[in-house]
1. Taking residue 305 as the residue in question, decide whether it is in contact (Cβ under 8 Å) with a residue 24 or more places away in the chain and within 20 Å of residue 160 (Cβ to Cβ).
2. What's the total number of residues in segment 154-204 that are more than 16 Å from residue 295 (Cβ to Cβ) and either assigned by TED's automatic domain parsing to the domain that holds residue 283 or assigned to a strand (DSSP E or B) (or both)?
3. Quick check: anything in segment 73-86 more than 24 Å from residue 318 (Cβ to Cβ), touching a strand residue (DSSP E or B) at 6+ places or on another chain (Cβ under 6 Å) and assigned to a helix (DSSP H, G or I)?
4. Kindly indicate whether any position in segment 38-61 is part of a strand (DSSP E or B), modelled with pLDDT of 95 or more, in contact with a strand residue (DSSP E or B) (Cβ under 9 Å, 6 or more places away or on another chain) and surrounded by 20 or more Cβ atoms within 10 Å (Cβ to Cβ).
5. Take the residues in segment 87-105 that are in contact with a strand residue (DSSP E or B) (Cβ under 8 Å, 6 or more places away or on another chain) and not in a strand (DSSP E or B), then tell me which one is surrounded by the fewest Cβ atoms within 10 Å (Cβ to Cβ).
6. Could you check segment 122-137 and list, in sequence order, the residues that are within 16 Å of residue 168 (Cβ to Cβ) and part of a loop (DSSP other than H, G, I, E, B)?
7. Checking the structure you have, find out if any residue of segment 109-117 is modelled with pLDDT of 95 or more, under 30 Å from residue 232 (Cα atoms) and buried (at least 22 other Cβ atoms within 10 Å of the Cβ).
8. Taking segment 299-316 on its own, how many of its residues are in contact with a helix residue (DSSP H, G or I) (Cβ under 7 Å, 6 or more places away or on another chain) and surrounded by fewer than 20 Cβ atoms within 10 Å (Cβ to Cβ)?
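The values are calculated or read from the model by the stated rules, or taken from the named source; none is laboratory data. Note that the structure is predicted; figures quoted are calculated from it, not measured. Note: ideal-geometry Cβ built from the backbone for every residue, glycine included; neighbour counts use all protein chains shown.
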C-alpha cells in the first residue's frame, strides 16, 4: 500500500508518499481502507522527531481516520467488509489502509461525509475526556477553553454547550467569529487582552470551574487567577513551555485548585475502548440531529500533505485540516 513517509525528521518537505507493507488484521482487529484522515498538532511534533509513537504503534503519522472495512480478523463478528467506520488511532492514519482494534471503531453517522467523520475522533474524544472524565463538567459550569479555534477547542465549545454550561474562549481576534458561531459566550483576544482580567469581568469575580489549557507555563498564573474555588485546570499540552516559575502553593490551596494533566495517545487499549464506547453512545447521536458538527478549516489531497502541515504550523487554521486519501 501507499503511505506518507517521513524521509528525514524536520520540515514538511521531508514527507513523501511511498510504498510500505500492507498491514494484516490479527484477532479482534479490522483493516480499514482509509478514505480521509485529519491533522493533529501531534503529527507535526512526530514529524520533527519530538513525539515518537507508543510502543507497538504504527510509525506512520495519523491519529484518526474514516473509511470502509476492507478485511476482518479472527473473532470479529459485528463488523463486515464494506461497513463505513471512523475512529481513533495510535498511528497509521496517513495511509491507504490501517489496522484497528474492532472496539475502537464507530459507525459513520448518517449524513456525515468521510471527510467530516475523519475530523471527529481525536479532537472530540480528547475534549470529551477532558471535560467529563477529568473536569467533572456539569450544567451551568463556566468553562474557559484556550486555543478556542483549534480542533479540540471547537469540539470543546460544542460539548460545553451541549451540557448546558457556559463556554468562554481565548483565540486570535480573526478567529472569534468561528468560536462565537459554535456557541462561545465570550471570546478573548490573547494577543491584546489579559484573559484573567476579562474572566473576572465576565463572571463578576466568580471565576470559571474548568480551564482547558494547551499553552502551559505562560498561562499558569493567569489560569489560577481565573478559577473559582475548587476549580480545575486540565492541562493537555505545553505549547508555550513546561516550566512554571515562582509557584505559590498557598495560592493554590486558597482556592483548592486541582491541576490534572492528560494525554490520550499512550493510554491503554482498555481505556480507549471505554472512552470510545461511551462517546459512541452518549455523543455520536448528536451528530445525526445536527446538535454537534465537525469544524473543517480546509481539505487537501494527501499528496499535498506538506502544504497542510505548513498551514497548521503557521496557526492559520480554524478547525480541522483534513487529508483526502481516496478521491
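1. On the way: in contact (Cβ under 8 Å) with a residue 24 or more places away in the chain: yes; within 20 Å of residue 160 (Cβ to Cβ): no.
Judged against the criteria, residue 305 is not a match.
2. So the answer is 6.
3. Scanning segment 73-86 turns up no residue that is more than 24 Å from residue 318 (Cβ to Cβ), touching a strand residue (DSSP E or B) at 6+ places or on another chain (Cβ under 6 Å) and assigned to a helix (DSSP H, G or I).
4. Filtering segment 38-61 down to residues part of a strand (DSSP E or B) leaves 38.
Among the residues that remain, those that are also modelled with pLDDT of 95 or more are: 38.
Keeping just the survivors that are in contact with a strand residue (DSSP E or B) (Cβ under 9 Å, 6 or more places away or on another chain) gives 38.
In the following step, the residues that additionally are surrounded by 20 or more Cβ atoms within 10 Å (Cβ to Cβ) were identified as 38.
Looking for residues that are part of a strand (DSSP E or B), modelled with pLDDT of 95 or more, in contact with a strand residue (DSSP E or B) (Cβ under 9 Å, 6 or more places away or on another chain) and surrounded by 20 or more Cβ atoms within 10 Å (Cβ to Cβ), one finds at least one in segment 38-61, hence yes.
5. Applying the first criterion (in contact with a strand residue (DSSP E or B) (Cβ under 8 Å, 6 or more places away or on another chain)) to segment 87-105 yields 87-89, 92-102, 104-105.
Going one step further and asking which of them are not in a strand (DSSP E or B), we end up with 89, 92-94, 96, 102, 104.
Working: 89: 28, 92: 25, 93: 34, 94: 29, 96: 19, 102: 21, 104: 21.
This residue is 96.
6. Let us first name the residues in segment 122-137 that are within 16 Å of residue 168 (Cβ to Cβ), namely 127, 130-131, 135, 137.
Within segment 122-137, 135, 137 qualify.
7. There is no residue in segment 109-117 that is modelled with pLDDT of 95 or more, under 30 Å from residue 232 (Cα atoms) and buried (at least 22 other Cβ atoms within 10 Å of the Cβ).
8. First pass over segment 299-316, keeping only residues in contact with a helix residue (DSSP H, G or I) (Cβ under 7 Å, 6 or more places away or on another chain): 299-300, 306, 309-310, 312-313.
With surrounded by fewer than 20 Cβ atoms within 10 Å (Cβ to Cβ) added as a condition, the list becomes 299-300, 306, 310, 313.
Number of matching residues: 5.
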